[in-house]
Amino acid sequence: MGENYTLLVKLAQKGLSNIETSTIKLSKELKTSQQTISRKLVEMENNELIKRTSSTKGMVINIEEKGITYLKKNYQTLKEIFQSKDSIKGKIQSGIGEGGYYVSKYQEQFQKQLGFKAFPGTLNVKTNKEEIIKFITTITPIEINGFTTKERTFGSLICYKIKVNKQPSAIVIPERTRHAKEIIEIISSKNLRKTLKLKDNVEVNISK
């Protein structure tokens with residue numbers, strides 16, 4: 001069943017009933033052989049996912065109730081995987097003490113792009129990697145350009161405006177980072193640890 005899903009989706013994109021097509025057209029669209037398309041169509045018909053009838057231009061396909069149910073089931077599964085989150089939880093972690101130095105180098109751009117001058121330091125929060133990916137999916141990324149000084153090169157950053165326990169902040173993702181992927185760095189105009197009275201392992205709410 002699983003290998004037929006791509007073909008069934010392609011058919012559904014054309015409609016659920018009276019789909020006029022041919023094995024030649026489908027093979028070109030899916031970049032596979034006619035033989036493979038023919039085999040999959042036979043399998044789907046045997047599994048009562050579709051019903052085919054011959055036409056002067058090839059064939060007419062109708063997606064049966066079982067096929068529609070199969071599509072809906074897969075849609076729901078994919079939706080649960082990729083659906084964005086409005087908020088996530090995370091726990092405060094100690095940093096490596098370099099946040100203040102790096103934040104100071106980007107202050108002019110933070111002020112211009114994020115609308116605030118950042119406190120010289122980052123709040124490190126441990127989150128679920130999959131959850132943070134879903135969370136930032138619908139947030140507009142803000143690029144902070146990299147630059148070079150006489151001493152060294154500072155890479156570009158991608159920022160996402162968020163709130164930590166309702167305090168306006170931003171997730172900062174460096175081009176290069178020494179943190180594990182589940183650790184996110186957050187900046188704000190305030191010292192979040194003091195303002196929100198946060199200690200290591202305390203849980204915080206990160207929202208849009």
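Read-outs: derived from the displayed coordinates by stated rules, not from any lab. Keep in mind that this is a model prediction, so the values were computed, not measured. Counting neighbours? That spans all protein chains shown, and the Cβs are built from the backbone with ideal geometry, glycine included.
Remarks
- Region 87-207: relative contact order in percent, alpha carbon pairs under 8 Å with at least 6 residues between: 34
- Taking 0.36 nm per residue of separation and subtracting the Cα-Cα distance, full extension of the segment from N46 to K79 would add 9.1 nm.
- With Cα atoms, 0 to 90° folded angle of helix 65-82 axis to the chain main axis: 10
- Modelled label positions at T148 and Q34, each set 7 Å beyond Cα in the direction of Cβ, lie 5.8 nm from each other.
- Projected over every direction and averaged, the convex hull enclosing the alpha-carbon atoms of the chain yields 16.3 nm².
- Calculated FRET value between K57 and T138, using beta carbons and R₀ = 45 Å, to 0.05: 0.60
- Region 182-208 and region 38-95 have Cα centres spaced 40 Å apart.
- Relative to the longest principal axis of the Cα atoms of the chain, the long axis of helix 34-46 makes an angle of roughly 80 degrees.
- Each of the peptides 159-168, 21-30 was scored by the mean count of other Cβ atoms within 10 Å over its residues; in descending order, highest first, they stand as 159-168, 21-30.
- The spread of Cα positions in region 2-82, taken along each principal axis and listed from longest to shortest, comes to 41, 25, 21 Å.
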